[in-house]
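Working notes, structure below.
None of the figures in this text is laboratory data; all of them are computed from the coordinates on show. Owing to the predicted nature of the structure, the values given are computational and were not obtained by experimental measurement. Here the Cβ positions follow ideal geometry from the backbone for every residue, glycine too, while neighbour counts run over all protein chains shown.
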Amino acid sequence: MEKNNEQRTYILLLIVLCLISFGLGYFIFKHNNPKEISTVPISEGLTLNATPLKGEDIVVKNSYVGYVEAINQVQIIPYITGYIQNVATSAGASVKKDDLLLTIDPDEYKARLDAAEAAVLQAEAQFEYNQNYYDRVQKSGKKAFSEIETDNAKNNFLQAQASLKNAQANKALAEVNYHYTIIKAPFSGLIGNFTLSPGDYVSPAGGALLSIVQTDPIRIVFSLTDAEYLNMKNGGELFKNSVIKLKLANGQNYEYTGDFKYTDNQLNKPTNSIAVYTYFKNDKNELLPNAFVTVEILKTFKNSVTVDKNYIKMQQDGSYLTLARNNQLVKVPVQILADKNNQYVLKNTFQTGDLLILDDVNRVKEGTKLSFNIIK
């Protein structure tokens, strides 16, 4: 009897274990069968922030260190020797072209000129006499004058001709020396420091008497790297559509704009740069030679587009932007014209309606339906 009870107990336990195993197996099966897993719906649309690309005139400013130099400067050295008769200017004075600067005592040179003029008159008389005599000999023929007389007449005529030319040359030299007793300003400018007084003896060997520098207009020189030179020239005229301005040492803006004149004919090898020469009006003498200034080049790019640098993708075959065109994402090649702080200035080759995507689109799948939040 007890043995039968134990058997029944074992059978019941076995049945319970089977039921538990079946239930556990069913639970695992239900939770691992893919057909029974509920899917998360994926949105078919994506909204991106974008902004229109609009062409406009863009001004880019670049600054350079420049220095001031005179277009013309000269050391006044006397051509002749003598005593200073008059000093007609002063140190630091502003002079105009042909203003009187100095006078060297002219008496000696005037006397030499008078003597040279007298010698010319004498030579002219001698020449005229010998010329007339030689003409008569030639007209009379061999019967009236011997061959020796004819040769002498010709020889005297030629010598008189040479003497006249020599006298005329001496007179011209005397005139030059006499005119050099008056020293005038060769151009308008400022007189440098000097110490001269009437009665001082001067000569060419004594060196410069004074100096003059031209200050109006004045030249400003600055340098461009080879890359900047090529970018600014851009296959055409250098500084086209550009304004050249100055900032003075005290931080003030100079009132006049400059004119580009020329560049050097070669690069400076150590700095890999080329010198640029510009002229500025300087009627108030605010710009003095050897001063340093800041040169500002304001270049206008007509009908161009500015884009933040981080939107430009650089590749070996060029640069491009990711745009929305006709509700599709496209990669468009771009031409960079200039660097403006954190932006690039681009040539406007875009189509009407093109939108610059402001969001990261690297993970956007092809075929995704797009909409755009326009930010202006």
* Asked: For Asn49 and Lys313, what is the calculated FRET efficiency with R₀ set at 22 Å and r taken between the beta-carbons, to the nearest 0.05?
  -> 0.80
* Using alpha-carbon pairs under 8 Å, 6+ residues apart, how would you state the relative contact order of the chain in percent? -> 27
* Lys/Arg Cβ at +1, Asp/Glu Cβ at -1, dipole of the chain taken about the Cα centre: which of Ser197, Ile71, Tyr256 is farthest positive-ward? -> Tyr256
* Structure fact -> Treating only Lys and Arg (+1) and Asp and Glu (-1) as charged, each at its beta carbon, one finds that the chain has a dipole about its Cα centre, in Debye to the nearest 20, of 1760
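How long is the gain from Ser188 to Ser140 if the chain were fully straight, where each residue apart is worth 0.36 nm and the alpha carbon distance is subtracted? It would help to have the intermediate numbers written out before the result.
On the way: separation 48, 0.36 × 48 = 17.28 nm, distance 6.42 nm.
Value of the extension gain: 10.9 nm.
On a 18 Å Cα-Cα criterion, which of the cross-link pairs Lys331/Lys365; Lys110/Lys171; Lys261/Lys340; Lys54/Lys347; Lys245/Lys299; Lys233/Lys302 come out too long? Working shown, then result.
Details: Lys331/Lys365 14 Å; Lys110/Lys171 11 Å; Lys261/Lys340 26 Å; Lys54/Lys347 11 Å; Lys245/Lys299 11 Å; Lys233/Lys302 15 Å.
The answer is Lys261/Lys340.
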* Report the residues of segment 206-240 in range of a label on Lys269: point 7 Å along Cα→C-beta, backbone N strictly under 20 Å from it. => 224-227
* Per-residue [θ]222 nm for the chain (sum of -39500 (n - 2.57) over DSSP H runs n ≥ 4, rounded to 500) -> -10000 deg cm²/dmol
* **Listed residue (Ile104, Val364, Asn310) projecting farthest to the positive dipole end of the chain, Cβ model** => Val364
* To do: Please list the non-local residues whose amide H lies under 5 Å from the amide H of Ser304, H modeled 1.01 Å from N, same-chain partners needing a gap of 5 or more.
  => Glu56, Asp57, Ile58
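Please sort by residue number the trypsin sites (Lys or Arg not before Pro) in segment 255-344 whose DSSP state is loop and whose Cβ has at most 16 other Cβ atoms within 10 Å. Can you show the working numbers first?
On the way: sites: Lys261, Lys281, Lys284, Lys299, Lys302, Lys309, Lys313, Arg325, Lys331, Lys340; in loops: Lys281, Lys284.
For trypsin sites (Lys or Arg not before Pro) across segment 255-344 that sit outside H, G, I, E and B with at most 16 neighbouring Cβ atoms in 10 Å, the list reads Lys281, Lys284.
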